[in-house]
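Below: the structure, in structure tokens.
The values are calculated or read from the model by the stated rules, or taken from the named source; none is laboratory data. Keep in mind that this is a model prediction, so the values were computed, not measured. We place every Cβ from the backbone using ideal geometry, glycine too, and count neighbours over all the protein chains shown.
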Amino acid sequence: MRYSWLAVAGVAGALAFSPAHACTLWGAAGAASSDGTLLAKNRDWKPDHVQSLSLRRPARGYAYLGLYADNGREPGIKAGVNEKELAVVSAEASSLPRALRQADGDRHGVMTRLLRDYGSLDQVAAAADQLFPQARPVFLLLADAGGLMQVEVGQHGRYRLTRQQNGVLAHTNHYADTSLLDGEQKIGASSRARLARIGWLLDQHPAHTLAEFQQLSRDRHDGPDDSLWRDGREHTLAGWQMALPAGAAPRLHLLLANPGQPPREGDYALDAAFWARPAGRLLP
């Protein structure tokens, strides 16, 4: 079994409930992929806002492409990749109450800084002690052509970083490393079910492809509330799948399912011509 069940085993003794703001993250690297490093996110949220795909050119740093929540309670970037071919997706640490996730006003989101200022996993690892202790609780999965990095940021700046160059990683919305927390987390049934399901699906093949990750994103095996693709208490509003092959341009497939609108899909080759285009919205 190639998939690590540490995060599943860590639920023992936790209180089950159904947290909001769920997402599923997964990736494959090295011999576990036929398309270079693969990175995917299903973004789940209340269907009360819209999203877009936008190319940004900050005043300093790298240009980057981001999936944005344009309005709603928590707008901002939710997934992205920069011109140096570093990609990052995030998931809410919703096994912690919202008050605890936002208790320290000096801590902040870190995704924009990662995309703007860093060009590889090695650079992120070297700066980890400056980056993640300043971030609020969150789960991150990062990728470049050389592999994957998973980061759990807990309370008071404590974090755990895991690298994977030849295998798979996956995360939902609860902590594998409970030493990052002051007390007990409350793990929702959906987070537990989605982690088990994506782990089982990743175990079915020794090597994965971008096309397969697109199919996994739409898996409805566990019903409207607990599947990878959800349409119950929360909806899956976006599916982001990327391939980052060594020596070739990254590829992105994005499905947007904005409420009240027909689904929109886009496929992008992130080559030099793509990064030369003007900043602005690409989808919808």
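Quick one: would you say Asp267 is outside any loop (DSSP other than H, G, I, E, B) and out of contact with any strand residue (DSSP E or B) (no Cβ under 7 Å at 6 or more places or on another chain)? Even if it seems obvious, please write down each step before you answer.
Details: outside any loop (DSSP other than H, G, I, E, B): yes; out of contact with any strand residue (DSSP E or B) (no Cβ under 7 Å at 6 or more places or on another chain): no.
Here the answer is no, as Asp267 does not meet what is asked.
Which condition breaks for Thr162 when tested against (1) crowded, with 17+ Cβ neighbours inside 10 Å; (2) under 23 Å from Gln123 (Cβ atoms); (3) free of Cβ contacts under 8 Å to residues at least 60 places away in the same chain; (4) not acidic (Asp, Glu)?
(1)
Restricting attention to region 31-52, report how many residues are under 30 Å from Asn166 (Cα atoms) and either of a type in the set (A, V, I, L, M, F, W, C) or assigned to a loop (DSSP other than H, G, I, E, B) (or both).
Let us first name the residues in region 31-52 that are under 30 Å from Asn166 (Cα atoms), namely 31-44.
Cutting the leftovers down to either of a type in the set (A, V, I, L, M, F, W, C) or assigned to a loop (DSSP other than H, G, I, E, B) (or both) gives us 31-32, 34-36, 38-40.
Residues that pass the stated criteria total 8.
Would you mind telling me which numbered condition in (1) under 16 Å from Gly27 (Cβ atoms); (2) under 17 Å from the mean Cα position of the chain (by Cα); (3) of a type in the set (A, V, I, L, M, F, W, C) Ala211 fails?
Here Ala211 clears every test but (2).
For region 204-231, which positions are free of Cβ contacts under 8 Å to residues at least 24 places away in the same chain and polar (S, T, N, Q)?
Keep residues of region 204-231 that are free of Cβ contacts under 8 Å to residues at least 24 places away in the same chain, which gives 204-205, 211-212, 215, 218-220, 223-224, 231.
Passing the criteria: Gln204, Gln215.
Can you go through Val153, Val89, Val124, Val81 and tell me which one is over 13 Å from the mean Cα position of the chain (by Cα), crowded, with 24+ Cβ neighbours inside 10 Å and at pLDDT 95 or above?
Details: Val89 fails: over 13 Å from the mean Cα position of the chain (by Cα); Val124 fails: crowded, with 24+ Cβ neighbours inside 10 Å; Val81 fails: over 13 Å from the mean Cα position of the chain (by Cα).
The conditions single out Val153.
Looking at region 179-201, which of its residues are over 16 Å from Leu140 (Cα atoms) and either in a loop (DSSP other than H, G, I, E, B) or of a type in the set (Ser, Thr, Tyr) (or both)? Talk me through it step by step, then tell me what you get.
To start, the set of residues in region 179-201 that are over 16 Å from Leu140 (Cα atoms) comprises 179, 181-190, 192-194, 196-201.
Correct list: Ser179, Leu181, Asp182, Gly183, Glu184, Gln185, Ser190.
Within region 218-233, track down each residue that is under 12 Å from Arg197 (Cβ atoms) and either surrounded by 13 or more Cβ atoms within 10 Å (Cβ to Cβ) or in contact with a Leu (Cβ under 9 Å, 6 or more places away or on another chain) (or both). Steps first, answer last, please.
Taking region 218-233 first, the residues under 12 Å from Arg197 (Cβ atoms) are 219-223, 226-230.
Matches in region 218-233: Asp219, Arg220, His221, Asp222, Asp226, Ser227, Leu228, Trp229, Arg230.
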